[in-house]
1. For Rg and Dmax of the Cα atoms in Å, several values are listed as (i) 13.3, 41; (ii) 11.0, 32; (iii) 11.1, 33; flag the one computed from this structure.
2. Which peptide among 29-40, 45-56, 13-24 comes first, and what is the full order, when sorted by highest mean count of other Cβ atoms within 10 Å?
3. Please give the calculated 222 nm ellipticity per residue for the chain, where each DSSP H segment of at least 4 residues contributes -39500 (n - 2.57) and the sum is spread over every residue; nearest 500 deg cm²/dmol?
4. Counting only heavy atoms of protein chains, what accessible area per residue, in Å², does the chain have with a probe of 1.4 Å?
5. If I compute solvent accessible area with a 1.4 Å probe over the protein chains, what percent of it on the chain is carbon and sulfur?
Amino acid sequence: MPNNTIDIVMTCEGVIDPVGDTDEERREHLVSCWQFLIDTGMAWRLQGWFGRTANALIENGICTR
């Protein structure tokens, strides 16, 4: 996972590519970034798209509340 919040947000937003050698590693990295935003509550303090996406990830069982 990136070591600073800005990189995490930028990864979730698609500005920075997830890290990994395989598609699965990149997917896991992206999910861990989203989970960080959910765990810290940031997903709901950023613009609305982040909260809606976080809720969809939770509803689909990809992330946890």
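The values are calculated or read from the model by the stated rules, or taken from the named source; none is laboratory data. Owing to the predicted nature of the structure, the values given are computational and were not obtained by experimental measurement. Quick reminder, even Gly has a Cβ in these numbers, built from the backbone with ideal geometry, and neighbours come from all protein chains shown. Please note that ligands, DNA and RNA were not included when accessible areas were found on the heavy atoms of the full protein model with its side chains. Shrake-Rupley method; radii C 1.70, N 1.55, O 1.52, S 1.80 Å.
1. (ii)
2. Working: 29-40: 18.0, 45-56: 13.7, 13-24: 11.7.
Result, highest mean Cβ count within 10 Å first: 29-40, 45-56, 13-24.
3. On the way: 3 runs with 39 residues, N = 65.
Taken over the chain, the calculation gives -19000 deg cm²/dmol.
4. Details: 4180 Å² over 65 residues.
Counting only protein heavy atoms, the per-residue value for the chain is 64 Å².
5. On the way: 2150 of 4180 Å².
Carbon and sulfur atoms account for 51 percent of the accessible area of the chain.
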